[in-house]
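One structure is given here, and the rest of the page talks about it.
The values are calculated or read from the model by the stated rules, or taken from the named source; none is laboratory data. What you see is a predicted model, and the numbers here were worked out from it, not measured in a lab. As a convention, Cβ positions derive from the backbone with ideal geometry for all residues, glycine included, and neighbour counts pool all protein chains shown. When the accessible area is computed, the model is the full protein with side chains, heavy atoms only, and any ligands, DNA or RNA have been set aside. Shrake-Rupley method; radii C 1.70, N 1.55, O 1.52, S 1.80 Å.
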Amino acid sequence: MKVFALLCFFLLFSANAQAIEQSCQSDDCIQVATNIGTINVVGGTLQIAVNNGIVSVFGDPQDELKINDYDIKVKNLEAQIQKNLDTINTQEKRHVSDQEKLVKGWEYAKNLVQELEKLNKRIAFLDEKNTLTKQIQAARKRFDLPKAKELLKQKQEQDDDTAAETAYQLAELQRHDLEYLDADTNYKKAIYLDPGNALYLSAAGNNAHTLGDYSDAKKLHEQALAVDLKTYGETHPDVARDHNNLGTACYMLGEYRKSITYYEQALASDIKTYGETHPDVAIDRNNLGGAWYSLGEYRKAITYYELALASDIQTYGDDHPNVATDRNNLALVWEALGEHYHAISFFELALASDIKIYGKIHPSVAIKHNNLGLVWDALSEYRMAITYYELALASDIVTYGDDHPVLATERNNLGAAWNSLGEYRKAIALFEQALASDLATYGEAHPDVAIRRNNLGTAWSALGEYRKAIDLFELALASDLKTFGEAHPNVATDRSNLAGAWKALNEYSKAITYYELALASDIKTYGEAHPDVAIKRNNLGAAWQASGEYRKAIDLFELTLASDLNVFGSTHPNVAIDRNNLGSAWTALGEYAKAISYFELAYNALNSNVNYGPEHPSTKTLLANLTDAKAQLGNQAKAP
């Protein structure tokens, strides 16, 4: 299993500020004064700069006069940004460049100013006459976030009528400082004290999502939605927010159709509130595109992704992380449709944009290199794919060091490319590195560990070591059953791989059992008309054919063909494979004329496809099958 990277979507803030003179002189001093780096603070504009990892905040003389307690605010703001960046370094276990630190520091500072302004607006809920409340307000005005959190903890101990609001405000500041577990405790405390507060429920749901507890996030967002619907009715921004958040929780749980329902409700509401070209509307469309993509409805996904891209270009301009994300997502869908060169053009645009924003050594840039590698891989240009995979891997080694989950994914993909070139020992070495890394990171029962075992098993299968492969596939299946339960795509993949190994050992009954379980699971997940369902039917048909049950095989191959024609159209490589398989089954039954009709359609499709052409191994195989069927038909005609 090769791994494409679909970027998470983040709503970023933009600033329209005049350029300011540089205050740092070294070559590696990072300071951007126009679109990134400036924040507005109580009537003035402050500039953020990062030099050798050290944060500086400053303004011009007029700003110093406008901003009360200027020196204290600047000192506290510098300290808070620095602490946040140091925490990111520690949590992500990687080196963060000055350029990336500037972007992250700016985002943090923008959000901090907004968070403190929100605290100011809600301070009335804390009893403004209370001594501690006054001290919290004073700390807020000085941008002294650690002091504000300390005072909120003291106020919690008073256990007064404002305890719920105190817990919520403390949780908000903790979440802002990446203290997610502490924030979870205080969000839950606020909800316990005020269970009907949709604001508390929604914030707790978002925090649960960050912690990866999607079931809890779903429950909390459902409660928030129920409250907000009762308060506001259907068309209110808070209700749209709840629908979007619920959609995301369902998506992460693999409940794609439910997620679409919620995303569509969010989109309809946001269009009514904001109009067509608003960042929130673009987010809704991106989310819908992702859900349809996961269901194999690629044309629908493209429609939503294109609308999101057009909107984000209008909002942010051409070189912005959101626009790069949109292009990356569009590329993934075109790749899924077999439009490899179309995908490459979008990936290259996204890559160029990210290099301009972040420089060449950055996780987002590595993701684009990885994705370009996967497209070249799909084109059977394995050497080109390896070049891109190695660029991604080299970049992320600089970013993260040698032992990080991202590197395991990249080694996995690099191993898959060497596997495709028949360099099975090289592939196994990389798969084993990836597996060892993920075992150290996650332990035994984790989806990524299961993926590594699956790929390692595939490589051993290619070397004819089917028993070794089966052992690995069974470990992957046991892990994924524990993680996901019966009806999940990863479990279906595990069973399909096991089936393939048993089929190679001529254990057709075992193979068919596993293929049937995999097919039933995918139908439950995706419905009938999905590429993964077609693949499982195709494999089941091949197993029946291998066992001599040609009519059963033909029935399954015909269903596969009908599905792939519906999803991809008549000239797609998957459709050519389906027709080849039908031709093979009819050949086995001695129905050479029928076989020839399928082989000809398949051969013509691949021969004229710019991604394949006459020299591609699959095209040559089809030509050989067609030639053999014609010869057999000729022999049949000559027979007495």
| task | Go through the residues of segment 100-120 one by one and say whether even a single one is in contact with an Asp or Glu (Cβ under 6 Å, 6 or more places away or on another chain) and at pLDDT below 80. | result | no
| said: From the list 305, 298, exactly one residue is open to solvent by less than 50 Å² (accessible area, probe 1.4 Å), of a type outside the set (Lys, Arg) and either touching a strand residue (DSSP E or B) at 6+ places or on another chain (Cβ under 9 Å) or modelled with pLDDT of 95 or more (or both). Which is it? | reply: 305
| request: Might you let me know whether segment 408-424 holds any residue that is in contact (Cβ under 8 Å) with a residue 60 or more places away in the chain and aliphatic (A, V, I, L, M)? | output: yes
| said: I need the full set of residues from segment 517-528 which are at pLDDT below 90 and crowded, with 16+ Cβ neighbours inside 10 Å, in order please. | reply: 525, 526
| All but one of (1) within 28 Å of residue 269 (Cα to Cα); (2) surrounded by 23 or more Cβ atoms within 10 Å (Cβ to Cβ) hold for residue 199; which doesn't? | (2)
| task | Identify, from the list 508, 514, the residue that is crowded, with 22+ Cβ neighbours inside 10 Å and either modelled with pLDDT of 90 or more or farther than 19 Å from residue 450 by Cβ (or both). | result | 514
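Let's see how each residue does on (1) without any contact (Cβ under 8 Å) to a residue 24 or more places away in the chain; (2) open to solvent by less than 40 Å² (accessible area, probe 1.4 Å); (3) not hydroxyl-bearing (Ser, Thr, Tyr):
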| position | (1), (2), (3) |
| --- | --- |
| 549 | yes, no, yes |
| 554 | no, yes, yes |
| 565 | yes, no, yes |
| 574 | no, no, yes |
| 590 | no, yes, yes |
| said: So in segment 458-497, with the set limited to residues that are among the aliphatic types (A, V, I, L, M) and open to solvent by 30 Å² or more (accessible area, probe 1.4 Å), which one is nearest to residue 543 (Cα to Cα)? | reply: 462
| note | Within segment 373-394, restricting to residues that are among the charged types (D, E, K, R) and in a helix (DSSP H, G or I), the one that is least open to solvent (accessible area, probe 1.4 Å) is 377
| request: Considering each of 253, 229, 220 in turn, give the residue that is out of contact with any Leu (no Cβ under 7 Å at 6 or more places or on another chain) and over 29 Å from residue 523 (Cβ atoms). | output: 229
| What number of residues in segment 415-457 are open to solvent by less than 30 Å² (accessible area, probe 1.4 Å) and assigned to a loop (DSSP other than H, G, I, E, B)? | 1
| said: Tell me yes or no: at least one residue of segment 364-372 is in contact (Cβ under 8 Å) with a residue 60 or more places away in the chain and farther than 29 Å from residue 338 by Cα. | reply: no
| If you go through segment 133-147, how many residues are touching a Leu at 6+ places or on another chain (Cβ under 8 Å) and modelled with pLDDT of 80 or more? | 1
| task | Would you mind finding the one in 188, 219 that is assigned to a helix (DSSP H, G or I), under 17 Å from residue 153 (Cα atoms) and open to solvent by 40 Å² or more (accessible area, probe 1.4 Å)? | result | 188
| query | Tell me, which residue of segment 314-348 that is without any contact (Cβ under 8 Å) to a residue 24 or more places away in the chain and touching a helix residue (DSSP H, G or I) at 6+ places or on another chain (Cβ under 6 Å) is surrounded by the most Cβ atoms within 10 Å (Cβ to Cβ)? | reply | 346
| message | For segment 512-623, give me every one of the helices (runs of 4 or more DSSP H) that falls completely inside it and has 2 or more residues that are over 25 Å from residue 487 (Cα atoms) and among the polar types (S, T, N, Q). | response | 573-588, 592-607
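Residue by residue, here is whether (1) small (Gly, Ala, Ser); (2) surrounded by fewer than 16 Cβ atoms within 10 Å (Cβ to Cβ) holds:
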| position | (1), (2) |
| --- | --- |
| 231 | no, yes |
| 236 | no, no |
| 248 | no, no |
| 259 | yes, no |
| Of all the residues that make up segment 155-165, how many are within 14 Å of residue 131 (Cα to Cα) and touching a helix residue (DSSP H, G or I) at 6+ places or on another chain (Cβ under 6 Å)? | 3
| request: Under 8 Å between Cβ atoms, at least 6 apart or on separate chains: pull out the pairs that start in segment 142-168 with a residue that is within 23 Å of residue 70 (Cβ to Cβ) and touching a residue at least 12 places away in the same chain (Cβ under 8 Å) and end on any residue that is open to solvent by 50 Å² or more (accessible area, probe 1.4 Å) and acidic (Asp, Glu). | output: 142/69
| From the list 595, 585, which residue is in contact with a Lys or Arg (Cβ under 9 Å, 6 or more places away or on another chain) and surrounded by 22 or more Cβ atoms within 10 Å (Cβ to Cβ)? | 585
